[in-house]
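Data block below; observations after.
The values are calculated or read from the model by the stated rules, or taken from the named source; none is laboratory data. Values in this document were obtained by computation on a predicted structure and should not be read as measured data. Glycine also receives a Cβ, built like all others from the backbone with ideal geometry; neighbour counts cover every protein chain displayed.
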Amino acid sequence: METANLSPEQAAMQEKLKNMSPEELAEFQKKNCIFCQIISGKVQSKKIYEDPKCLAVLDINPSNPGHILLLPKEHYSIMPQMPEDVIGHMFMIAKSLSNIMLKTLKVTGTTIFVANGIAAGQKAQHFMLHVIPRKEGDGLDVLNIPQRQVNENDMVEVHKRLVEKINQVFGIQQEVKEPEEHIEDLKEVAKEEKSAEPEPPKEESKVEESQPEEKEQPAEEAEEDDEEDQEEEDDEEQEDSEDEDEEKEEKDPNLDDIARLLV
Amino acid sequence: MTCVICEIGQGNGNIRKIFEDDKVMAYLKEKPCTFGHIILATKKHYTILEQVPDTEIAHIFNIANKLSTAAFESLGGGGTNIIIQNGSGAGQMHPHFTIEIIPRRENDGLNFQWQPKQLSEEEMSTVELTLKQETDTIAVGGEKKKEIIKEDDNTETLKEKEGEDNYLLKSLRRIP
């Protein structure tokens, strides 16, 4: 995350922020964030669209005429902090704004650009979506995504690590694939669990594999909270890990249920 | 079918799939710009973002967010870019809507930072008005406004009504 890239000054600030209550923190961030001031109207801007959840303004340093910044009204630094409904809403608005650009600005395309973290080129501490009107020869080749030839072995490694993590994040248990009988067992467990209490874990090894996965799921629910809160929750989870083992048995076998939760 | 990405969706093509559900699929790009460069594509064929139904937008972008989170957690990066090249003018390569998720590190040799263009005050105002007019009309007639009204606080709707009253009163006063 961003903490790795902070200067000593920023690190000191980070320390200060850690000691604040969530309310104080929210207040502090709002006071110091230029985009929060734009949203509250303290700083002037050219507003294009506004609703209770988000605000679209013209970028004062546009890459092209009509370059729009779409801001959530609530202060979030990065996208993973945002609740799902706000993400969904903001991209719907981005779609409309893009549509309007295509219709009114005589452009042949739009680029929607998100930078999460300083390494990705994020400059402000307020999450935003860039919606940029584009046409051929507009001099924005910098937004083209380069292609590189890479080592096959590295790709295999990256693929492995990513799939592992993604399965954790989405609560998918890949190990279940191997023996077919085992899958049937799990299906039975899933059926039973719909009516009855969750059974204790069947295999210890399986529980160990899926522990990090449980860490992710509460984190999703806590997306709207500050990073600080997430850390606290992580601590709590470790304490509660015994209870979670039971929950896991309930969730893992039935991927359909998980998919529904994700929608 | 001639669309490369639809072919992939059908299970043809040699790709490194990393995620799939009934609406979307995600795979590693064959020629990535950084390690872990992910393509997230809809299974159904949509050429551009504007064709993707509103009902799917929220789902797709929440998946994108989770993939992005997974990418920077597992690959030890310093951030991610999420980029949509929408339309030929934006450099879209295939006529199939995709989202590119790019894990980033310090000094990874990538630079998506544009040089700001200097626009006159007049140019800015023109563009502002052009766009604003359209957002107004869409907000009034379209489905979106309905949603927004539902989400509005009571206080907000009251304010609007006050505004209307004032306006009506003013116009009444003007009549004589």
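Filter the stretch B:88-130 for residues that are farther than 25 Å from B:Glu56 by Cβ and of a type in the set (Val, Ile, Thr) and give the result.
Our first condition is that a residue be farther than 25 Å from B:Glu56 by Cβ; within the stretch B:88-130, this holds for B:104-130.
Listed by number, the residues that qualify are B:Thr126, B:Val127, B:Thr130.
Say we look at the stretch A:131-147 and pick out the residues that are more than 7 Å from chain B (Cβ to nearest Cβ) and acidic (Asp, Glu); which of these is nearest to A:Ile100 (Cα to Cα)?
A:Asp138
Listed here are the residues, each with its yes/no results for (1) among the β-branched types (Val, Ile, Thr); (2) surrounded by fewer than 23 Cβ atoms within 10 Å (Cβ to Cβ); (3) closer than 26 Å to A:Ala119 by Cβ; (4) more than 7 Å from chain A (Cβ to nearest Cβ).
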| position | (1), (2), (3), (4) |
| --- | --- |
| B:Met25 | no, yes, no, yes |
| B:Lys29 | no, yes, yes, yes |
| B:Gly36 | no, no, yes, no |
| B:Ile39 | yes, yes, yes, yes |
| B:Thr47 | yes, yes, no, yes |
| B:Glu50 | no, yes, no, no |
| B:Thr69 | yes, no, yes, no |
| B:Gly76 | no, yes, yes, yes |
| B:Gln92 | no, yes, yes, no |
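Quick check on the stretch A:154-174: of everything there that is at pLDDT below 90 and more than 9 Å from chain B (Cβ to nearest Cβ), which residue is surrounded by the most Cβ atoms within 10 Å (Cβ to Cβ)?
A:Gly171
Surrounded by fewer than 21 Cβ atoms within 10 Å (Cβ to Cβ), closer than 21 Å to B:Ile57 by Cβ and within 7 Å of chain B (Cβ to nearest Cβ) - does that describe any residue in the stretch A:72-85?
Scanning the stretch A:72-85, I find at least one residue that is surrounded by fewer than 21 Cβ atoms within 10 Å (Cβ to Cβ), closer than 21 Å to B:Ile57 by Cβ and within 7 Å of chain B (Cβ to nearest Cβ), so the answer is yes.
So which pairs qualify, if the first residue must be in the stretch A:89-102 and more than 16 Å from B:Tyr46 (Cα to Cα), the second must be part of a helix (DSSP H, G or I) and not hydrophobic (A, V, I, L, M, F, W, C), the Cβ gap must be under 6 Å, and the two must be at least 6 apart or on different chains?
Pairs found: A:Ile100/B:Glu134.
In the stretch A:21-49, what residues are closer than 16 Å to B:Leu131 by Cβ and either hydrophobic (A, V, I, L, M, F, W, C) or surrounded by fewer than 16 Cβ atoms within 10 Å (Cβ to Cβ) (or both)?
Across the stretch A:21-49, the qualifying residue is only A:Ile48.
Quick check: anything in the stretch A:8-19 free of Cβ contacts under 8 Å to residues at least 60 places away in the same chain, surrounded by 20 or more Cβ atoms within 10 Å (Cβ to Cβ) and part of a loop (DSSP other than H, G, I, E, B)? I'd like the intermediate steps shown before the answer.
Restricting attention to the stretch A:8-19, the residues satisfying the condition of being free of Cβ contacts under 8 Å to residues at least 60 places away in the same chain are A:8-16, A:19.
Filter again for surrounded by 20 or more Cβ atoms within 10 Å (Cβ to Cβ), leaving none.
No; the residues of the stretch A:8-19 include none that is free of Cβ contacts under 8 Å to residues at least 60 places away in the same chain, surrounded by 20 or more Cβ atoms within 10 Å (Cβ to Cβ) and part of a loop (DSSP other than H, G, I, E, B).
For B:Ala58, which of the numbered conditions (1) in a loop (DSSP other than H, G, I, E, B); (2) at pLDDT 90 or above fails to hold?
(1)
Test each condition in (1) buried (at least 19 other Cβ atoms within 10 Å of the Cβ); (2) facing chain A (nearest Cβ under 7 Å); (3) within 17 Å of the chain's Cα centre (by Cα) for B:Asp54 and report the one that comes out false.
(1)
In the stretch A:106-129, what residues are crowded, with 24+ Cβ neighbours inside 10 Å, part of a loop (DSSP other than H, G, I, E, B) and either in contact with a His (Cβ under 7 Å, 6 or more places away or on another chain) or within 7 Å of another protein chain (Cβ to nearest Cβ) (or both)?
The answer is A:Gly117, and nothing else.
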